[in-house]
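The values are calculated or read from the model by the stated rules, or taken from the named source; none is laboratory data. None of the values given here were measured: they were computed from a predicted structure. Cβ placement follows ideal geometry from the backbone for every residue including glycine, while neighbour counts extend to all protein chains displayed.
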Amino acid sequence: MSQQVTITSVTANTPVDVYYCNSFSASCVSVGTVSTFPFTFSVPPPYDQTNIVIKIEDNNGCIDGEVIFITPTPTSSVTPTLTKTPTNTPTVTKSPTTTPTLSPTNTASPTTTPTFTPTPSTTPNFGLHLVGQNTFPTSVNTCSDTLTLVNYYTYISEANTIPVLGAKIYQTAFNGSLYNPYDGNNQYTKFTFGGNNYAVRVDTTGSITDFVACP
């Protein structure tokens, strides 16, 4: 069953592009370009089975997001009705007394307990970075920008806890791979790396060309 979402209004330069994203993989699907609000659309399975991120991008490249939390429907439990089985009273037949024969005592063999080796968990090969709402020509005002709920990504082999010159920033992660390099237009954008904020300049191919740590 799909999940219906209504956007009552936006504060942005319309028209805006509306997407819905999976909150774990951040795989996004375009809903359309919208100018009139309120606007209602449906999120189909499997996206409606986990928390959903609604992503909105205006015609100036400003991006914002909102998380919709999905509450699972409880499954009712059924208590079976037990049918009572009638008890038959046995007929006692008198038998002659016999002398018991002694049987040897059997010694039980020890039971071997198997040892289970845990399966190692898969280590992700990319890092997640929150992104700011706006872009700036210099790093001076970038650190004052507000972070959104949207994550962008870098391969851990290129950059993880700090920005690295030449590393690429991507907008989409799916099945362990990254897609859609972020077009930074040679502007500065606020990002989080390793829990810290940075003003990062990104070129049109998604590569980091400069960065400054925010105080």
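Please report, ordered by residue number, the strands (runs of 3 or more DSSP E) entirely within region 165-207 with at least 1 residues that are in contact (Cβ under 8 Å) with a residue 12 or more places away in the chain, more than 24 Å from Val29 (Cβ to Cβ) and polar (S, T, N, Q).
The qualifying strands (runs of 3 or more DSSP E) are 187-193, 196-202.
Tell me which of these Phe37 doesn't satisfy, since it passes every other one: (1) of a type in the set (Phe, Trp, Tyr); (2) closer than 20 Å to Gln171 by Cα; (3) assigned to a loop (DSSP other than H, G, I, E, B).
(2)
Among the residues of region 23-30, is there at least one that is under 25 Å from Tyr153 (Cβ atoms), at pLDDT 80 or above, surrounded by fewer than 13 Cβ atoms within 10 Å (Cβ to Cβ) and not hydrophobic (A, V, I, L, M, F, W, C)?
yes
Checking Asn13 against (1) at pLDDT below 80; (2) in a loop (DSSP other than H, G, I, E, B), which single condition isn't satisfied?
(1)
Can you pull out every residue in region 151-163 that is more than 12 Å from Ser27 (Cβ to Cβ) and out of contact with any Ser or Thr (no Cβ under 8 Å at 6 or more places or on another chain)?
Listed by number, the residues that qualify are Tyr152, Thr154, Tyr155, Ile156, Ser157, Glu158, Ala159, Thr161, Ile162, Pro163.
Say we look at region 184-201 and pick out the residues that are within 12 Å of Pro137 (Cα to Cα) and in contact with a Lys or Arg (Cβ under 9 Å, 6 or more places away or on another chain); which of these is surrounded by the fewest Cβ atoms within 10 Å (Cβ to Cβ)?
Ranking the candidates gives Asn186 first.
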